[in-house]
Each structure stands twice: as structure tokens, then as C-alpha cells.
Amino acid sequence: IGLIEDGQLIFRYVWRDGMWEDTGIPFEIGRGVAGKVAATGKSLIVNDVNSFQDFAHPDLTEQFRVRGMLDTPIVSRNGKVVGVLDVRLPEGRRPFTEQDCELLEGLTNQAAVAIENANINQAAIENA
């Protein structure tokens, strides 16, 4: 999950080789798969990374062995994109479908509520 912070989409942690890796990878809003999803508020399926030309960090597709990806916006109750959920296509898995996208969008709706609640709690703690 990448969250929008100070006008950038930041992926603090990335799942790699069966564990979370602390990365802090920034994405410019509007650039790359995740950046486009953050800018448009619309999910994007890329089943073949070689067919997508606007990667924000092309070196990372090889480093993280990315074959494809499905990115979905995390949208708050007021309609603002607060982040992006990124799922990578593992080796040997069938390509992503619209059904996969719909499932992921349902999960991001729940993530949006959790993120909003965390932000409300953090604000309450800071103002106490």
C-alpha cells in the first residue's frame, strides 16, 4: 500500500520474498502505474510490464521481479484518493482479470475506512 504524503505516493514497505521490506519508494502523482492510479482514481491492470512504457522506476520491475500488476486507488469517504493498493503478478499465475480488479476494489474500500480512522485517532492524540 502506498499512501499520498506531501504530494507524492510513498510505498513505505513492499512485500518481497515472503517478507516486508522497508523501502520508502516515492512515486510522482501521474507517473508510472501507481502514480496514474493515484491521479485518475481508476484501477489499472498491467499484465505484461513490457507493454507499459511509463514506469516511474523501471529498475524496480527487474529488482522486484515484476511481471505484471494490478493497482487500485484507495478513496476516502469524501472521494479523495489517499493511496494505492499495488498487487504484483507472480510467476506462473494467470493474468489479472476485471473480477480480480473488482475484488481488490472491495478491499481498498475497507482499507480507506481503516486509514481514515487511524488518521482521526492520530489527530485526537496530537490534540489531547
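The values are calculated or read from the model by the stated rules, or taken from the named source; none is laboratory data. Just so it is clear, the model here is predicted, and its values are computed rather than measured. So basically every Cβ, Gly included, is an ideal-geometry build from the backbone, and we count neighbours across all protein chains shown. Just the protein is used for accessible areas: all its heavy atoms, side chains included, with ligands, DNA and RNA removed. Shrake-Rupley method; radii C 1.70, N 1.55, O 1.52, S 1.80 Å.
Quick rundown of the values:
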read-out	value
Cβ-placed point charges (K, R +1; D, E -1), dipole of the chain about Cα centre in debye, nearest 20	200
Per-selection Kirkwood Rh - the chain (Cα, Å, 1 d.p.)	15.2
18 Å tail of the calculated P(r), segment 72-123, as % of Cα pairs	39
Within the accessible area of the chain (1.4 Å probe), percent carbon and sulfur	52
Point-to-point label distance, A123-Y13, nm (Cα→Cβ direction, 7 Å offset)	2.5
